[in-house]
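Below is one structure; the comments refer to it alone.
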Amino acid sequence: MKQLRETAQKIKSMEIRGAGRIARTAAAELRDYAERLKTKDLDEFNEKMSSAAELLISTRPTAVSLPNAVRAVMRYSGETVDEARTNVVKLADEFIANSENAVKRIGEIGARRVRDGDTIMTHCNSSAAISIMATAHAQGKNINVIATESRPRLQGHLTIGHLDRLGIKTALIVDSAVRFFMKEVDLVVVGADAVTVNGSVINKIGTAQVALAAREARKNVIIAAETYKFSPKTILGELVEIEERDSAEVIGREMLDKFSNVSVKNPAFDVTPREYVDLICTEVGAIPPEMAYIIIKDFLGWGIEEMNSGH
Ligand code: RUB
């Protein structure tokens, strides 16, 4: 229980972050938790697994990869605790391996859209987006990257570190300089926390502004998103919840306490409408956003009936 709580806290505090990584971490935690459960009673095992699943899902509300990963593991079955546990381990390991392969495959598929000499703008820190840039670079394409800081949590610093280690020339800019530099950009490549059934993309706050500036300058916007970032529940009309984080991420408490009429708004994500998205690179292919429904239907492995039953 202690380790489960610690993992949940690490995801909540963003020590572990990024939609793909939190999904793999949740799957691994469910596996380890199942292995630690000593009970021989199947009902108790199932109950404890369900509570663990709920706790992990509650840590961050926006990244759909998290409930999708938990759901993939919680499809386990078994007549006995041992059978159930073995199945949990198998499903979790499968999810993690598929997720890692997906990021690699997205790199290969997305790199086809990158030309020698391109300047790519990216926002936040996305493993899937970096996979595209890393693959293009490894193929010998000479690319330059413009990376935003991504206030308030400055995930852009992670991105420049990563690209630097790969030997990719990168310029760091403040978020408000996106439009200023867009004329130098050939391609925007960003990740996703969720993709809705109508092809809208939810990603780090500011992504919609980057896409808007790209559209104005007629530059292509490519989203790097594994299939488990697609949200089945949006088929039923549900909206993706946008996480609102602590004001202290934006301004220190001491400073804020000096004011009587000031509040802070700190949404962590925004929605980029599909009209601003040219292509979504998934591990099963590069699709126009209009095809999001096909991904949900054919690749997420569960039907609308199952969702309607509320599981
Ligand atoms: C991270 C973020 C990333 C996506 C995709 O937000 O918006 O672009 O999660 O990342 P946060 P990846 O830092 O708040 O978690 O491609 O690594 O899954």
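Miscellaneous remarks
- Residues of region 89-128 satisfying the condition of being touching a strand residue (DSSP E or B) at 6+ places or on another chain (Cβ under 8 Å), more than 16 Å from Thr282 (Cβ to Cβ) and of a type in the set (Val, Ile, Thr): Val114, Thr119, Ile120, Thr122
- Within region 74-99, the set of residues being closer than 30 Å to Ala136 by Cβ and surrounded by fewer than 14 Cβ atoms within 10 Å (Cβ to Cβ) comprises Glu94, Ala97.
- In summary, no helices (runs of 4 or more DSSP H) completely within region 13-110 bear 1 or more residues that are in the same structural domain as Ala225 (by TED's automatic domain parsing).
- Residue count, region 13-34 (criterion: exposed (fewer than 13 other Cβ atoms within 10 Å of the Cβ) and under 24 Å from Ala97 (Cα atoms)): 1
- Strands (runs of 3 or more DSSP E) wholly inside region 124-197 that include at least 1 residues being of a type outside the set (Val, Ile, Thr) and within 14 Å of the ligand (Cβ to nearest atom): 144-148
- The criterion of at least 2 residues that are more than 23 Å from Ile173 (Cα to Cα) and not polar (S, T, N, Q) is met by the following strands (runs of 3 or more DSSP E) wholly inside region 201-308: 279-282, 285-287.
- Residues in region 243-264 that are open to solvent by 60 Å² or more (accessible area, probe 1.4 Å) and within 16 Å of the ligand (Cβ to nearest atom): Glu244, Asp246.
- Ser58 open to solvent by 20 Å² or more (accessible area, probe 1.4 Å), closer than 28 Å to Val197 by Cβ, out of contact with any Asp or Glu (no Cβ under 9 Å at 6 or more places or on another chain) and of a type in the set (Ser, Thr, Tyr): yes
- A single member of Ala194, Ala171 is open to solvent by less than 20 Å² (accessible area, probe 1.4 Å) and either assigned by TED's automatic domain parsing to the domain that holds Ser126 or closer than 20 Å to Arg245 by Cβ (or both), and it is Ala194.
The values are calculated or read from the model by the stated rules, or taken from the named source; none is laboratory data. The structure presented is a predicted model; accordingly, all values stated were derived computationally and were not measured. So basically every Cβ, Gly included, is an ideal-geometry build from the backbone, and we count neighbours across all protein chains shown. Keep in mind that these areas ignore ligands, DNA and RNA; they rest on the heavy atoms of the full protein, side chains included. Shrake-Rupley method; radii C 1.70, N 1.55, O 1.52, S 1.80 Å.
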